[in-house]
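*Asks:* Below is one structure. I have some questions about it.
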Amino acid sequence: MSLAVQIRQPGGPEQLQIVDVPVGEPGPGEVRIRHHAVGLNFIDVYHRTGLYPLPLPATIGMEGAGVVEAVGPGVAHLAVGDRAAYAGQPPGSYCERRVMPAQCVCKLPDGIGFETGAAMMLKGLTAQYLLKKVRPVEGLEPGDHVLFHAAAGGVGLIACQWASHLGLQLIGTAGTDAKCQRALANGAAHAINYHTEDFAARVREITGDKGVKVVYDSVGKDTWDKSLDCLRPFGLMASFGNASGPVPPFSPAILGAKGSLYVTRQTLFTHIATRESTQAMADDLFAVVLSGAVKIHLDQRYPLAEVQQAHRDLEARKTTGCTILTL
């Protein structure tokens with residue numbers, strides 16, 4: 001048996017209930033992992049509220065780190081006793097132990113602890129594919145400006161550091177002056193408090209009215225329209241989340257009027273759909289963390305029993321950096 005956090009119906013944090021669930025043996029292509037820590041992400045909120053519906057009852061959570069307890073037939077890259085970390089489908093990491101597909105589970109390097117591993121996988125792999133794979137048609141070169149919303153969040157602080165490492169001029173937005181300072185301290189070239197400044201006007205000012213080549217946006221509804229105004233001709237609007245709510249329908253004609261813009265809606269799970277791509281992306285992430293170029297800021301820890309409060313704080317924008325649940 002394992003303690004797990006389940007929802008029986010969509011709703012608020014009060015729907016998160018700790019229950020005992022049975023845990024069996026891994027089948028073909030599966031492993032059983034005993035968690036030391038699990039990550040907290042905004043996609044967990046989407047699952048809890050029903051924005052991204054799940055079959056119910058459901059255990060939520062998309063990333064974790066721990067030790068492999070058992071290995072099913074056909075799994076060659078993991079062995080019993082391996083330190084491991086993952087981000088991937090299906091949901092279910094909010095638990096002590098689970099059986100899951102081995103495809104997205106990677107060996108955790110000795111230089112990275114379990115808590116850091118649990119905090120970094122989903123957010124770090126997201127930053128990796130955004131900066132390395134989701135690029136404007138004209139490409140990205142050192143010195144280019146990019147706009148990154150929620151720059152003091154878990155993905156944002158990793159992206160600030162990684163973009164700086166790549167030579168990009170990242171313009172970050174955040175909701176408080178303190179969060180803006182945090183983004184600057186982690187490599188952002190500029191930071192804009194979107195509660196006190198018009199971020200579109202500031203981006204135009206910073207770029208000499210040229211605009212940025214790409215906007216990376218996990219906020220959604222509240223930032224969408226002005227983000228389009230931040231782009232230069234042929235720029236790319238890269239949506240990868242809906243923290244403020246889904247983007248309303250819009251006419252494609254507006255993309256032409258604003259400079260023949262491109263729009264994409266990305267998800268990590270397309271990028272980690274194969275064992276090979278997952279491992280290649282994880283290797284890139286592990287290397288940049290072990291080199292010290294990117295530091296994982298683990299700012300909040302909650303015991304599993306306090307999962308409801310963790311969700312309240314996340315939705316209230318009270319968290320910065322990465323957050324984990326401890327077991």
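Since every read-out is calculated from the coordinates, none of them should be taken as a lab result. All figures in this text were calculated on a predicted structure; none of them were measured in a lab. Virtual Cβ from ideal backbone geometry, glycine too; neighbours counted across all protein chains shown.
*Asks:* Using a Förster distance of 45 Å, how high is the FRET efficiency between ASP110 and GLU141, based on the Cβ-Cβ distance and rounded to 0.05?
*Replies:* Numbers: r = 35 Å, r/R0 = 0.78.
Calculated transfer efficiency: 0.80.
*Asks:* Place a label point 7 angstrom from the Cα of ARG317 along the Cα-to-Cβ direction, then list the residues of the stretch 151-172 whose backbone nitrogen is under 17 Å away.
*Replies:* Answer for the stretch 151-172: 151-157, 172.
*Asks:* Follow-up question, since we're still on this one. State log₁₀ I(q)/I(0) for the stretch 116-181 at q = 0.15 Å⁻¹ as given by the Debye formula over alpha-carbon point scatterers of equal weight, solvent excluded.
*Replies:* -0.46
*Asks:* Give, as a single signed number, the net charge of other residues whose beta carbon lies under 15 Å from the beta carbon of GLU25, with Lys and Arg counted +1 and Asp and Glu -1.
*Replies:* Working: positive: ARG32, ARG34, ARG97, ARG98; negative: GLU30, GLU69.
Within the 15 Å Cβ shell, the charges total +2.
*Asks:* At 7 Å along Cα-to-Cβ for each site, give me the label-to-label distance between THR274 and VAL134 in nm.
*Replies:* Placing both labels 7 Å along Cα→Cβ, they lie 2.1 nm apart.
*Asks:* To continue, here is another question. For the pairs LYS221/LYS295; LYS210/LYS318; LYS132/LYS221; LYS132/LYS295, flag any whose C-alpha to C-alpha distance is greater than 23 Å. The partial results should precede the final answer.
*Replies:* Working: LYS221/LYS295 30 Å; LYS210/LYS318 34 Å; LYS132/LYS221 25 Å; LYS132/LYS295 18 Å.
Too far apart for the 23 Å limit: LYS221/LYS295; LYS210/LYS318; LYS132/LYS221.
*Asks:* Also, I was wondering about something else. Report the relative contact order of the stretch 58-138, percent, no decimals, based on alpha-carbon pairs under 8 angstrom and at least 6 residues apart. It would help to have the intermediate numbers written out before the result.
*Replies:* Details: 105 pairs, mean separation 27.2, N = 81.
With pairs under 8 Å counted, the relative contact order is 34 percent.
*Asks:* If contacts are Cα pairs under 8 angstrom and at least 6 residues apart, what is the relative contact order of the chain in percent?
*Replies:* Values: 732 pairs, mean separation 56.5, N = 327.
Relative CO of the chain lands at 17 percent.
*Asks:* With an 8 Å cut-off on Cα pairs and a minimum separation of 6 or more residues, tell me the relative contact order of the stretch 135-265 in percent. Don't skip to the end; give the middle numbers.
*Replies:* Working: 273 pairs, mean separation 29.0, N = 131.
Relative contact order comes out at 22 percent.
*Asks:* Next question. Can you list residues whose amide H is under 5 Å from GLU63's amide H, if they're 5+ apart or on another chain and H is modeled 1.01 Å from N?
*Replies:* GLY39, SER93
*Asks:* So what is the diffusion coefficient of the stretch 179-327 in µm² per second by Stokes-Einstein at 10 °C and 1.306 mPa s, using a Kirkwood Rh over Cα pairs?
*Replies:* 88
*Asks:* Using only Cα atoms, figure out Rg for the stretch 135-265 and give it as a multiple of 2.2 N^0.38 Å. Write down the numbers at each step before the final one.
*Replies:* Values: Rg = 13.4 Å, N = 131, 2.2 N^0.38 = 14.0 Å.
That ratio works out to 0.96.
*Asks:* Shifting gears a bit: Helix by helix through the chain, keep the DSSP H runs that span 18 Å or more along the axis on Cα and average at least -0.5 on Kyte-Doolittle, and give those back in order.
*Replies:* Working: long enough: 114-132 (25 Å, 0.47); 275-290 (22 Å, 0.38).
Those that pass (Cα extent of 18 Å or more, hydropathy at least -0.5) are 114-132, 275-290.
*Asks:* How many nm separate the modelled label positions at SER291 and THR196, each set 7 Å beyond the Cα in the direction of the Cβ?
*Replies:* 3.5
*Asks:* Kindly state, as a whole number, the per residue volume in cubic angstrom of the convex hull around the alpha carbon atoms of the stretch 53-151. Please report the intermediate quantities before stating the final value.
*Replies:* Values: hull volume 17.5 nm³, N = 99.
Dividing the Cα hull volume of the stretch 53-151 by its residue count gives 177 Å³.
*Asks:* Show me, for the stretch 233-248, the HN-Hα J-couplings you get by feeding each phi into the Karplus relation (A = 6.51, B = -1.76, C = 1.60, θ = phi - 60°), rounded to Hz, glycine and proline as x.
*Replies:* These are the phi-based 3J(HN,Hα) values: x, 6, x, 10, 9, 10, 8, 9, x, 9, 4, 9, x, x, 5, x Hz.
*Asks:* Compute the Rg to Rh ratio over the stretch 277-327 from the alpha carbon atoms, using the Kirkwood formula for Rh, and round to two decimal places.
*Replies:* Details: Rg = 14.1 Å, Rh = 12.7 Å.
In the stretch 277-327, Rg relative to Rh is 1.11.
*Asks:* Sequence-distant or interchain residues sharing an amide H contact under 5 Å with SER2, placed H: which?
*Replies:* VAL21, VAL23
*Asks:* Right, another one. Charges only on Cβ, +1 for Lys and Arg, -1 for Asp and Glu: so what's the dipole of the stretch 135-265 about the Cα centre, in debye to the nearest 20?
*Replies:* Working: 12 positive and 12 negative charges, 41 e Å.
The calculation lands at about 200 debye.
*Asks:* Hey, another quick one. Which residues' amide hydrogens lie under 5 Å from the amide hydrogen of TYR52, considering only partners 5 or more residues apart or on another chain, with H built in the peptide plane?
*Replies:* So TYR52 has HN proximity to HIS47.
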